[in-house]
Amino acid sequence: MDIELVTVDEADKSVLANLVQFYQYDFSEIRDLALTRHGTFTYRYLDPYFTEVGREADFITVDGRLAGFALTRGDVDDDGSWNVAEFFVARGHRRRGVARESARRLFARRPGLWTLSVDHNNRPAAALWRSVIGAVAVGPVAETDRYPPDAAVAGTRFRFRVADAGERPPRPVDTEPAG
């Protein structure tokens, strides 16, 4: 299985917008996301990935076929860290190691500080991210629980450092399939 991250060009923005609909559909099970009168979900943050510096959009492909996406950005704390803003693997590719390998590749591209947040109601995602972070992090991993009104939803924020090419994580990379 050949898993790749492919930069989303502005010409493919509509494809990414379509995938975001599936992502939000999945999230509608754990968050109060309502359909618009047009039968779509509202996602207000897509355009900045094509207009602002410090934001990156990638498709996740498996054997050359579209399987999901990752949206990353320079963290709002402006401390040089990167943030996984959104991450999605389509259902047909889950539990096969696609998410784990895609995340590992995403982090390997930018060694240094990273953050990401996981909704408390998304237990499969929390398990995935703890596993991946444990495999790529060098040094301590900070987990901070946040609740409204300090956060939009109850969740855990992870903060960790990814090894550069000359460093090795303290634990072997987990190769168990997950998704």
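The values are calculated or read from the model by the stated rules, or taken from the named source; none is laboratory data. Note that this is a predicted model, so its numbers are computed, not measured. For neighbour counting, all protein chains shown are included, and Cβ atoms are generated from backbone atoms with ideal geometry for every residue, glycine included.
Every condition in (1) of a type in the set (S, T, N, Q); (2) more than 13 Å from the chain's Cα centre (by Cα); (3) crowded, with 18+ Cβ neighbours inside 10 Å is met by T115 except one, and the failing one is (2).
Here F50 fulfils each of the conditions (1) closer than 17 Å to V20 by Cα; (2) of a type in the set (F, W, Y); (3) within 15 Å of the chain's Cα centre (by Cα) apart from (3).
Listed here are the residues, each with its yes/no results for (1) of a type outside the set (D, E, K, R); (2) in a strand (DSSP E or B).
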| position | (1), (2) |
| --- | --- |
| A99 | yes, no |
| V118 | yes, yes |
| P124 | yes, no |
| A127 | yes, no |
| G134 | yes, no |
| P140 | yes, no |
| T144 | yes, yes |
| A151 | yes, no |
| R161 | no, yes |
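Taking the criterion of being assigned to a loop (DSSP other than H, G, I, E, B), among the hydrophobic types (A, V, I, L, M, F, W, C) and modelled with pLDDT of 95 or more, would at least one residue in segment 7-16 satisfy it? Within segment 7-16, one or more residues are assigned to a loop (DSSP other than H, G, I, E, B), among the hydrophobic types (A, V, I, L, M, F, W, C) and modelled with pLDDT of 95 or more. Scanning segment 118-154 for residues that are within 15 Å of the chain's Cα centre (by Cα) and loosely packed, with under 14 Cβ neighbours inside 10 Å, we see that the one that is nearest to W82 (Cα to Cα) is A127. If you take the residues of segment 60-76 that are under 19 Å from F160 (Cβ atoms) and small (G, A, S), which of them is modelled with the lowest pLDDT? Here the residue is G74. Among the residues here, R100 qualifies as touching a helix residue (DSSP H, G or I) at 6+ places or on another chain (Cβ under 9 Å) and of a type in the set (K, R). Restricting attention to segment 24-56, the residues that are within 22 Å of D79 (Cβ to Cβ) and of a type outside the set (D, E) add up to 6.
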